[in-house]
Amino acid sequence: MQAPYNVLNQKSPNYVTKKFFIITLIIAMTLTSLISSVLAVFFSNRTPSYRNLSTSSLQSTTGNKLTIDEITSKNADAVVEIMTTTGGTSEGAGSGVIVKSNGYIVTNYHVIDGATTIAVRLHNGKSYSASVVGYDEQTDIAVLKIDATKLNAVTIGRSSKLSVGDLAVVIGNPLGKLGGTVTSGIISAKDRKIELENRTRTLIQTDASINEGNSGGALFNGRGELVGIVVAKGSGTGIEGLGFAIPIDSVASSIDDIIEHGTITGKPMAGISIYDGSVKDKSTGKSSAAVLIAEVNGSNAKAAGLKTGDQIVSIDNEKISTAEGLISAIQSHRIGDTIKLGIIRDGEEMTISVKLQSSAEIKK
C-alpha cells in the first residue's frame with residue numbers, strides 16, 4: 001500500500017484501488033478547517049428495505065432524512081466488490097454500485113481499465129463474471145453487466161442539492177478485502193477542483209474515511225440516495241479526511257447512454273462556447289468575474305436568441321459564477337431537456353430557454 005499523501009507537499013495522491021494509479025492532487029482553494037469525521041464500520045447481514053429504480057432511465061427522488069444505520073440497511077446490498085486480473089497475473093480490486101435491478105453496475109473506468117477478467121461479488125457473497133457494457137474515460141465511469149435479476153439497486157439523488165456540512169455515507173470495498181464497509185462524515189466541499197491524469201475535475205469532497213479499494217464505491221446523502229461515485233483520496237502525516245467522489249449529476253446522462261446504447265452517443269450541450277471573463281459595473285467602475293458567451297454554434301441556441309457577449313448569470317434559477325459550473329449543470333440534464341438561462345445583455349436582464357442538443361449533432 002502506498003505511503004499516505006501529504007497535501008502540503010502535493011506528492012503521490014492515489015486512486016483508491018489496489019492498482020497503482022498515480023494522480024496529482026491540486027487543492028484549488030485553501031483548506032481552512034475540516035470538521036472531524038465520524039467513522040462507523042458495519043458488517044451487516046440484515047435484510048434491508050429498498051427503493052429500486054423502476055424506470056428506463058436514472059431518476060432522482062426525494063425522501064425524509066435517515067440515520068446512518070437506515071442508510072446502510074437500505075443500500076448495503078446495492079454496493080458490490082469488483083475483482084480484476086490483468087494478463088493472468090496482476091490483480092486489482094475496487095467497488096461498484098448496482099444502478100439497475102437487472103444487473104447493471106457502475107464503477108470507475110480506472111478500476112477495470114486493461115482487465116482481462118472481471119468478477120463481481122455481491123453483499124451476500126455470491127460471485128458473478130462481469131462484462132463491460134461501455135465506459136467514458138473522460139469522466140472515469142464504466143458500466144458492467146452481470147447475469148442476475150431482482151437485485152437491489154440504489155436510488156439516485158441530486159448532487160447539486162448537497163450543502164457543505166450535510167451527512168455523507170460511503171460504502172465500498174476498502175483494501176480489496178473488506179466489502180460492505182461503511183464510513184460516515186460530512187460533505188466538506190461541493191466543487192473541489194482536482195487534477196486527475198492531467199485533467200482538472202470538479203469533485204465532491206468528504207471527510208468520510210476512504211481507502212484503497214473504495215474506487216467505484218458509493219457516496220450517499222442523508223436520504224440514502226446515491227450522490228457520488230468514489231474516485232480518489234488524499235492523506236498524509238497529520239492530514240486525514242480527504243476523500244473525493246464524482247458528482248452523480250455530472251455522469252447520470254452518460255450512464256443512461258451507456259446502458260441504452262453501449263457507448264456515449266452524445267452529451268447534452270446548449271450549443272454555446274463560453275469562457276470565464278470579467279464585466280465592469282457602470283455605476284461603480286469595479287470589475288467582477290462573469291461567464292460570457294464567446295460563440296453561438298448550436299441551432300437551438302441561435303433560434304433561442306443567445307448572442308456572443310451575453311453574460312450568463314443563472315441556469316434554472318440557480319446562480320452560476322464559473323464556466324465549469326455552467327457546463328456541469330448542463331451535463332446533469334439529458335439531451336432534449338429545456339434549460340432556462342439567466343442572461344444580462346447591455347445591462348438588461350432576461351431569461352432565455354434553450355433545448356439541449358447532443359454534442360454529436362452540434363459538431364455536424
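Could you please find all residues in the stretch 115-140 being in contact with a Lys or Arg (Cβ under 9 Å, 6 or more places away or on another chain) and on the phi > 0 side of the Ramachandran plot?
Within the stretch 115-140, 140 is the sole residue that qualifies.
Which of the numbered conditions does residue 262 fail, given that it passes all the others? Conditions: (1) under 30 Å from residue 137 (Cα atoms); (2) over 29 Å from the mean Cα position of the chain (by Cα); (3) among the small types (Gly, Ala, Ser).
So the condition that residue 262 fails would be (2).
Hey, which of the strands (runs of 3 or more DSSP E) in the stretch 98-149, taking only ones fully inside, have at least 2 residues that are over 17 Å from the mean Cα position of the chain (by Cα) and buried (at least 21 other Cβ atoms within 10 Å of the Cβ)?
On the way: elements: 104-107, 117-121, 127-129, 131-136, 141-145.
In the stretch 98-149, 117-121 are the strands (runs of 3 or more DSSP E) which contain 2 or more residues that are over 17 Å from the mean Cα position of the chain (by Cα) and buried (at least 21 other Cβ atoms within 10 Å of the Cβ).
Determine which single condition residue 318 fails, assuming it passes every other condition in (1) of a type in the set (D, E, K, R); (2) in contact with a strand residue (DSSP E or B) (Cβ under 8 Å, 6 or more places away or on another chain); (3) modelled with pLDDT under 95; (4) under 30 Å from residue 187 (Cα atoms).
Failed condition: (2).
How about the stretch 183-222: which of its residues are of a type in the set (Ser, Thr, Tyr) and either farther than 14 Å from residue 110 by Cβ or assigned to a strand (DSSP E or B) (or both)?
Scanning the stretch 183-222 gives 183, 184, 188, 200, 202, 206, 209.
I need the full set of residues from the stretch 150-159 which are crowded, with 23+ Cβ neighbours inside 10 Å and either over 22 Å from the mean Cα position of the chain (by Cα) or hydroxyl-bearing (Ser, Thr, Tyr) (or both), in order please.
155, 159
Among the numbered criteria (1) in contact with a Gly (Cβ under 8 Å, 6 or more places away or on another chain); (2) under 23 Å from residue 252 (Cβ atoms), which one does residue 345 miss?
(2)
For residue 160, are the conditions met, namely being over 26 Å from residue 83 (Cβ atoms) and either in contact with a Pro (Cβ under 9 Å, 6 or more places away or on another chain) or modelled with pLDDT of 90 or more (or both)?
Details: over 26 Å from residue 83 (Cβ atoms): yes; either in contact with a Pro (Cβ under 9 Å, 6 or more places away or on another chain) or modelled with pLDDT of 90 or more (or both): yes.
Yes: the conditions hold for residue 160.
The values are calculated or read from the model by the stated rules, or taken from the named source; none is laboratory data. These figures come from a predicted structure and were not determined experimentally. With ideal geometry, Cβ positions are generated from the backbone for all residues, glycine too; neighbour counts draw on all protein chains shown.
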